[in-house]
Amino acid sequence: MFTDMLLTRYSFPWKNCALNFPRCARTPILFCSIMRQALKFPPGVGCSDQHLIKWNMQRGGRYKRSIQLDESIARARASVATFLNARSPDEIAFGMNATSFLRLTSLAIGETLSERNEIVVTDLDHEANIAVWLVLERQGARIRWWHMREDGRLHPEDLEPLLSAKTRLVACALASNSLGSVLDAKAVAERVHAAGAELLLDAVHFGPHGLFDVQRWDCDYLVCSGYKIFAPHMGFSGKRWSA
């Protein structure tokens, strides 16, 4: 095991890391215990800083600087749409973080509950993607639990008995923050949509390790915190236009 650690230490491109992440160059010791966010990548943070310095003004105006601001945000939305392989930049929204997007989505769904009042959550998810749905029980939501198996994974076939004509939404993570197990999102989406329900994916813990493809996953909602993947401290969300 120690040999494996040494091989990893000396085969990792530390020099490139130091060039791209100044924090790595300032000290011979690199702490990797910051679970809340990734190391900061200067070009990404620089774009955010320049946006605040150069374009800190009212949106939607008819004057040149306001128009340029709207164009800048439109370009950013188009970039994230490409990153997610979304159908359109119009499906992209920016906000504080994934947690806030989860809460905003739950508030909206809570206001539209009717006969379809069942929401499926999992025992493999981060608390942020559980608590926001449990609170909807006050508004008449019924919570159904999709449990992981002993292998630490969510199996799509285990979801089938939980789905019915009353299912409004299935909320689950693309990757577990504690175990790292990855969801078969496409297989889940097929079952969820066959029941006439919607699928929400929490992509925060998947983001640093895999490529996004909301069209292949066929999800209705996706949330992520950009600062987990070297971006500025903000979140983004992809929502199917018809959702």
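The values are calculated or read from the model by the stated rules, or taken from the named source; none is laboratory data. If you're wondering where the values come from, they're calculated on a predicted model, not measured in any experiment. Every residue, glycine among them, receives a Cβ derived from its backbone with ideal geometry; neighbour counts consider all protein chains shown. Each accessible area value is taken on the protein alone, full model and side chains, heavy atoms only, with ligands, DNA and RNA left out. Shrake-Rupley method; radii C 1.70, N 1.55, O 1.52, S 1.80 Å.
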ask   = For the range 99-182, what proportion of DSSP beta bridges, expressed in % and rounded to the nearest 5, is antiparallel?
value = 10
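When the accessible area of the range 145-243 is split by element with a 1.4 Å probe, what percent falls to carbon and sulfur? Mind showing how you got there, number by number?
Numbers: 2320 of 4390 Å².
Of all accessible area on the range 145-243, carbon and sulfur atoms account for 53 percent.
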message = Taking every DSSP beta bridge with both residues inside the range 150-243, roughly what % is antiparallel (nearest 5)?
response = 45
remark   = Amide H contacts under 5 Å for residue 146, restricted to residues at least 5 apart in sequence or on another chain and with H modeled in the peptide plane, are 121, 122, 123
task = Measure off 7 Å from each Cα along the Cα-to-Cβ vector at residue 66 and residue 111, then give the distance between these two points in nanometres to one decimal.
result = 2.6
query = Can you work out ³J(HN,Hα) from phi for every residue in the range 168-180, in order, using Karplus 6.51 cos²θ - 1.76 cosθ + 1.60 and θ = phi - 60°, giving whole Hz and x for Gly and Pro?
reply = 9, 7, 10, 10, 8, 9, 5, 9, 6, 6, 9, 10, x
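Over the range 199-243, what relative contact order in percent results from Cα pairs under 8 Å that are six or more residues apart? Don't skip to the end; give the middle numbers.
Values: 59 pairs, mean separation 16.6, N = 45.
Reported relative contact order: 37 percent.
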key: Label point at residue 103 placed 7 Å out along Cα→Cβ; residues across the range 220-243 whose backbone nitrogen lies under 19 Å   = 222-228, 233-238
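Using a 10 Å cut-off on Cβ atoms, rank the peptides 211-224, 194-207, 145-158 from the highest mean neighbour count down. Write down the numbers at each step before the final one.
Values: 211-224: 20.0, 194-207: 22.3, 145-158: 13.7.
Per-residue mean Cβ counts within 10 Å order the peptides as 194-207, 211-224, 145-158.
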inquiry  = Residue by residue through the range 219-234, what is 3J(HN,Hα) from phi via Karplus (6.51 cos²θ - 1.76 cosθ + 1.60, θ = phi - 60°)? Round to whole Hz and write x for glycine and proline.
reply    = 8, 8, 9, 9, 10, 7, 9, x, 6, 7, 10, 6, 8, x, 7, 7
request  = Express in whole angstrom the spacing between the alpha-carbon centres of the range 201-217 and the range 61-134.
outcome  = 14
ask   = So what are the ³J(HN,Hα) numbers for the range 99-107, from phi and the Karplus equation (6.51, -1.76, 1.60; θ = phi - 60°), rounded to whole Hz, Gly and Pro as x?
value = 4, 5, 5, 4, 5, 4, 5, 5, 4
